[in-house]
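The values are calculated or read from the model by the stated rules, or taken from the named source; none is laboratory data. Because the structure is predicted, anything quoted here is derived from the model rather than measured. Cβ coordinates were reconstructed from backbone atoms using ideal geometry, including for glycine residues, and neighbour counts include every protein chain displayed. What goes into the accessible areas is simple: the full protein's heavy atoms, side chains included, and nothing from ligands, DNA or RNA. Shrake-Rupley method; radii C 1.70, N 1.55, O 1.52, S 1.80 Å.
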Amino acid sequence: MSIKLRITTRYLLTEQLKLTGWSLVGCAVVFGILPLFLALISGNISQYSPLSNFANLSLSALFFMLIFIIGILTYDNFKLFIQNGISRPTYFQARVFALLALSGLFVILNAIYYYGIHAPYLHWSANTALMRTGYSLYSHALGSQVWLNILASLCFNWIFYIGVGLTGMACGTLLALFGKWAKTILIIGVPILAMVLMWIIIVVMSRNQSTYNYTGLETFLKFLVGYPSHGEATTGYFNPTMPFITMLIGCGIIGGLAYLFNRKLRIRN
């Protein structure tokens, strides 16, 4: 790693950690101090439980939003680094390295909170806690060793966070290519167009169930989620191989788009 790349990565990661810290402080205020204030003014202070509020936070949702928002924040740092002699490839590489480090940190922090605070507070075993995560379909795929399956779930979450961050980078870099009005139109118009398109697809498919055969599509989707090819499909025993591969391919594609958009970035007057 070159000196410029190391310095750029360190700067980006430091700024991102500051944003994360302030977000956690804000989350603590909302779920800690605000309920206390409401309990005081309503006279229900005896029912206030700081441990309950803290143990029922949703850090995974917070980290999900943060990793996407951090990815979107593109132009200001690009302008700063370009004006200080940092090339576009170096800036992009630094963003990727910072994303890898930050997403890994988020996975570790969320795991410590979820298995060390949230699950014990609710009197869940490690296996029960694992079965209540987004990885529940694959929670026994690696056998009866629950900690091995938890480790696999953390790797799964890490790749997912990386994909979300790269998606944010691609969206943020694409938006940075346009002016204010074009950017506004894209932000408002693209989600609306996507929802309309999804609605049309759903209507067409529901009205033509007897005309078209969707068995092939169903089989393909089952293959992507790791649906067992033999025997009964039981939660916890799906095959995680294809979801892992699919996410890695998706990360490669969206990362490639982000890199192409990054090459087109220019400083606006």
* Might you check whether a residue that is open to solvent by less than 30 Å² (accessible area, probe 1.4 Å), touching a residue at least 12 places away in the same chain (Cβ under 8 Å) and more than 19 Å from Ala258 (Cβ to Cβ) occurs anywhere in the stretch 26-48? => yes
* **Test result for Leu73, within 30 Å of Ala129 (Cβ to Cβ) and under 21 Å from the mean Cα position of the chain (by Cα)** => no
* Name every residue in the stretch 118-157 that is of a type in the set (Phe, Trp, Tyr), crowded, with 17+ Cβ neighbours inside 10 Å and more than 17 Å from Ala61 (Cα to Cα), in order of residue number. => Tyr138
* Which of the residues spanning the stretch 91-117 are farther than 18 Å from Ile162 by Cβ and either among the basic types (Lys, Arg) or open to solvent by 30 Å² or more (accessible area, probe 1.4 Å) (or both)? -> Ile112, Tyr114, Tyr115, Gly116, Ile117
* Evaluate the following for Leu12: is it part of a loop (DSSP other than H, G, I, E, B) and either modelled with pLDDT of 90 or more or within 20 Å of the chain's Cα centre (by Cα) (or both)? => no
* To do: Given the conditions (1) within 21 Å of Gly104 (Cβ to Cβ); (2) under 21 Å from the mean Cα position of the chain (by Cα); (3) not aromatic (Phe, Trp, Tyr), report the number of the one that Leu148 does not fulfil.
  => (2)
* Considering each residue of the stretch 232-258, count those that are open to solvent by less than 40 Å² (accessible area, probe 1.4 Å), out of contact with any Phe, Trp or Tyr (no Cβ under 9 Å at 6 or more places or on another chain) and within 17 Å of Leu154 (Cα to Cα), and give that number. => 1
* Asked: If we only count helices (runs of 4 or more DSSP H) wholly inside the stretch 41-132, which ones have 2 or more residues that are of a type outside the set (A, V, I, L, M, F, W, C) and more than 15 Å from Leu12 (Cα to Cα)?
  -> 50-55, 88-113, 126-131
* Structure fact -> With the first residue restricted to the stretch 59-87 and required to be within 20 Å of Phe31 (Cβ to Cβ) and at pLDDT 90 or above, and the second required to be basic (Lys, Arg) and part of a helix (DSSP H, G or I), Cβ contacts under 6 Å at 6 or more apart or on different chains are none
* Structure fact -> Looking across the stretch 241-261 at residues that are under 22 Å from Ser139 (Cα atoms) and without any contact (Cβ under 8 Å) to a residue 40 or more places away in the chain, the single one that is nearest to the chain's Cα centre (by Cα) is Thr246
* Asked: Looking at this structure, is Arg95 over 21 Å from Leu260 (Cβ atoms) and among the basic types (Lys, Arg)?
  -> no
